[in-house]
Amino acid sequence: QVQLVESGGGMVQTGGSLTLSCAAAGRTFNRYFMGWFRQAPGKEREFVGAITDNGGSKYYAGSVEGRFIIARDNAKNMLYLHMNSLTPEDTAVYYCAARRYYSYTTSASDYDYWGQGTQVTVSS
């Protein structure tokens, strides 16, 4: 089991940058496949990015490829999402998620643990 708490959300202007953090409480954080998702009101939860247990492989949604960077620091039990060149289309609640199995997936239903979410608002 792992407990997740996101932080770092806020308001930023178009073109700005923001870094989200996810603090994980659990002895086996380094075993989990981790992901970031986002959800705007009235919309389906959307895959943003994922990273393998050792950080060796990273995956991104096409909408954020080249702008966002996912990273993890297993020594600190932390997951990060570095967001650059933000636009209003990035406005959403961002969620940190953990998956017990290592296979790559973009489906929210395949993840087992979730944080409470942190709001990101990009103004134009």
**OP:** Spot the failing condition for G55; the list is (1) outside any loop (DSSP other than H, G, I, E, B); (2) touching a strand residue (DSSP E or B) at 6+ places or on another chain (Cβ under 8 Å); (3) under 16 Å from C96 (Cα atoms), and only one is missed.
**Re:** (1)
Subject >> Tally of residues being over 10 Å from the mean Cα position of the chain (by Cα), of a type in the set (G, A, S) and surrounded by 14 or more Cβ atoms within 10 Å (Cβ to Cβ) across the range 22-39 >> reply: 3
Subject >> Options G35, G15; residue that is assigned to a loop (DSSP other than H, G, I, E, B), out of contact with any Asp or Glu (no Cβ under 8 Å at 6 or more places or on another chain) and modelled with pLDDT of 95 or more >> reply: G15
Subject >> Unique match (being under 27 Å from S123 (Cβ atoms) and open to solvent by less than 10 Å² (accessible area, probe 1.4 Å)) among G62, G49, G66, G15 >> reply: G49
Subject >> the range 78-124, residues that are closer than 19 Å to G26 by Cβ, open to solvent by less than 40 Å² (accessible area, probe 1.4 Å) and part of a loop (DSSP other than H, G, I, E, B) >> reply: Y111, G115, G117
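The values are calculated or read from the model by the stated rules, or taken from the named source; none is laboratory data. These numbers come from a predicted model, not from an experiment. Counting neighbours? That spans all protein chains shown, and the Cβs are built from the backbone with ideal geometry, glycine included. All accessible areas refer to the heavy atoms of the entire protein, side chains included, with ligands and DNA or RNA removed. Shrake-Rupley method; radii C 1.70, N 1.55, O 1.52, S 1.80 Å.
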